[in-house]
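Single-structure report; data block below.
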Ligand SMILES: [Zn+2]
């Protein structure tokens, strides 16, 4: 088909679409009278957002906690101009005036144990987030079924689901495990005193809010060791000093939950040299990000991201100086 034919066809499609839209409006106005019932209300809700897949014998359930909208793009990436950030968002068909950050946690059913990897925002991030518990329950789980909770790092969007605003513990029966390196950083009084203002102070105060009441009951896990049956903790520092990924293995199958080695893929998988303003040490985070993305691309590994679009798992392939996240095909978990 030549170019003028294409243009003509495109015009025709636009004309037909407009005509049907006009007809549709007229028909919609008549429909209630004809059918004898009121128009269906607009819902404003999605179906419960959980998604299951298998890794060998293990069943994994991704639970969405919606997304947060970071209100400005200026300064969101420490080493890129706002216009370049807006262009990258546009290339991914995302809004260009805000950064929409999705949250997806994983529930791993391993050797008869129910293990949560991070817990979302709890009741701290309405209105487009805060749906975690409803989605968790819709997936057939209740808080008292949880045996163990493993925390990747101590930012609020990963830990606030442990404790509601009013102080209530959400999973009183579960064993809670935090990384030894991460705990040493955030529970250190000198470090907390140094963070006298801004985002770091907020993070120190929030870690204390969530964990201080249960400090003596917390377990600490070490890197390069199993943290739960079939789940190995792997150090991925930079985003925070003790930031951790989780390698999940069963039989010949494996999966890597890379946590926050990137914030949203449209910016930081695509542009791995860019540094999000939340990184504690941008240079260390950048080195970690390159190492991990390079490895999972070479190995064609199935990976999960905390901040990718739901269900937040797929494969990484190289694209020029960066990478693309290719969403995994939809499966039945059999
Ligand atoms: Zn995060």
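Details
- The helices (runs of 4 or more DSSP H) found wholly in region 149-201 and carrying at least 1 residues that are assigned by TED's automatic domain parsing to the domain that holds residue 126 and more than 24 Å from residue 67 (Cβ to Cβ) occupy 180-186, 189-194.
- For region 115-154, filtering for residues that are under 14 Å from the mean Cα position of the chain (by Cα), closer than 21 Å to residue 199 by Cα and surrounded by 24 or more Cβ atoms within 10 Å (Cβ to Cβ) leaves 6.
- Screening residue 219 on (1) over 22 Å from the mean Cα position of the chain (by Cα); (2) closer than 28 Å to residue 101 by Cα; (3) in contact (Cβ under 8 Å) with a residue 24 or more places away in the chain shows it passes everything except condition (2).
- Within the set 251, 242, the sole residue that is buried (at least 22 other Cβ atoms within 10 Å of the Cβ) and touching a strand residue (DSSP E or B) at 6+ places or on another chain (Cβ under 9 Å) turns out to be 242.
- Residues being touching a strand residue (DSSP E or B) at 6+ places or on another chain (Cβ under 8 Å) and under 12 Å from residue 269 (Cα atoms) - total across region 319-334: 4
- Every pair of residues 6+ apart whose Cβ atoms lie under 6 Å, when the first sits in region 279-296 and is more than 13 Å from residue 256 (Cβ to Cβ) while the second is part of a helix (DSSP H, G or I): 279/285
- Listed by position, the strands (runs of 3 or more DSSP E) enclosed by region 212-325 that each have at least 3 residues that are over 24 Å from residue 88 (Cα atoms) are 219-221, 226-228, 231-235, 244-250, 253-257.
- From the options 174, 169, 207, 180, residue that is more than 16 Å from the ligand (Cβ to nearest atom) and more than 16 Å from residue 146 (Cβ to Cβ): 180
The values are calculated or read from the model by the stated rules, or taken from the named source; none is laboratory data. Since this is a predicted model, take the numbers as computed values, not measurements. Cβ coordinates were reconstructed from backbone atoms using ideal geometry, including for glycine residues, and neighbour counts include every protein chain displayed.
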